[in-house]
1. Of the residues that sit in region 130-144 and are part of a helix (DSSP H, G or I) and either more than 15 Å from the ligand (Cβ to nearest atom) or among the polar types (S, T, N, Q) (or both), which one is nearest to Leu74 (Cα to Cα)?
2. Show the residue pairs that are 6+ apart or on different chains and have beta-carbon atoms under 6 Å apart, the first residue being within region 158-171 and in contact (Cβ under 8 Å) with a residue 24 or more places away in the chain, the second being of a type in the set (D, E, K, R) and assigned to a loop (DSSP other than H, G, I, E, B).
3. With Val185, Val174 as the choices, which residue is of a type in the set (A, V, I, L, M, F, W, C), at pLDDT 95 or above and more than 11 Å from the ligand (Cβ to nearest atom)?
4. Within region 145-160, is there a residue that is away from the ligand (no atom under 14 Å from the Cβ), at pLDDT 95 or above and not acidic (Asp, Glu)?
5. Answer yes or no as to whether Gly95 is loosely packed, with under 10 Cβ neighbours inside 10 Å, out of contact with any strand residue (DSSP E or B) (no Cβ under 8 Å at 6 or more places or on another chain) and modelled with pLDDT of 95 or more.
Amino acid sequence: MSGVSKWETVECPPVGKEDGRLGGLAGRRWWSWYWLVAALCVAVAVALMAWSVVTSAEERGEAEAAFTAEDGALPDDLSVTAFDTRYPSIARLDGELLEAVQEATRDALEEGIVLHVTSGWRSEAYQRHLLDEAVREHGSREEARRLVSTPEESRHVTGEAVDIGPTDAADWVVRRGAAYGLCQVYANEMWHFELLAEPGGDCPEHLPDAAG
Ligand SMILES: [Zn+2]
């Protein structure tokens, strides 16, 4: 009992002191509230951002994982050339197109440029997935269609188109591709080529985009 009374004796004065302190802060209280609410808002915003980044990364990961090399997916590390026929994306290209790209690849290499295939043949399902993804990314089907064709229209699905990278390699094919019959098709896709000319012939005028 003596401990309790000692506690009361010792602690009571500070409690009274605290009341006095709070009373003294009354004039500045709105400041405290302001900062408290601001800090809470920032915390909530940061938490929401982190959550959305994590969940969208997860969704993407799951969606990508569903498509394999068998669907025409290629690693995105610029490690594939037209000679890597172990990938269906390369092996299922139209024979004439593949030969043309291989020939161009040999000649470009002599000039120190490595032509990488960033995308070749794609399954219908994979093409549909890419279009759906573009719709999500660009907000509308109309905008997405300017960059990604439907499975019904895409020449990637029929094995009649290749995408070449990186930029210096695509640029080489833009300038020299006609010698192999390789033509840039769309004005807004300097990486996408189809066999649209006789070797050494003239390529047709560019279409504005994949929708046009
Ligand atoms: Zn393409």
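The values are calculated or read from the model by the stated rules, or taken from the named source; none is laboratory data. This one's a predicted model, so the numbers in the text were calculated from it and none came from an experiment. When we count neighbours, we look across all protein chains shown, and the Cβ atoms used for this are built from the backbone with ideal geometry, even at glycine.
1. Only one residue tops the list, namely Asp132.
2. Going by the 6 Å Cβ cut-off, the qualifying pairs are Gly159/Arg92; Gly159/Asp94; Glu160/Asp94; Ala161/Arg155.
3. Val174
4. Scanning region 145-160 turns up no residue that is away from the ligand (no atom under 14 Å from the Cβ), at pLDDT 95 or above and not acidic (Asp, Glu).
5. So Gly95 passes the test.
For (1) in the same structural domain as Cys183 (by TED's automatic domain parsing); (2) surrounded by 15 or more Cβ atoms within 10 Å (Cβ to Cβ); (3) touching a residue at least 40 places away in the same chain (Cβ under 8 Å), each residue gets a yes or a no:
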| site | (1), (2), (3) |
| --- | --- |
| Glu99 | yes, yes, no |
| Glu110 | yes, no, no |
| Gly120 | yes, yes, yes |
| Tyr126 | yes, yes, yes |
| Glu137 | yes, no, no |
| Ser140 | yes, no, no |
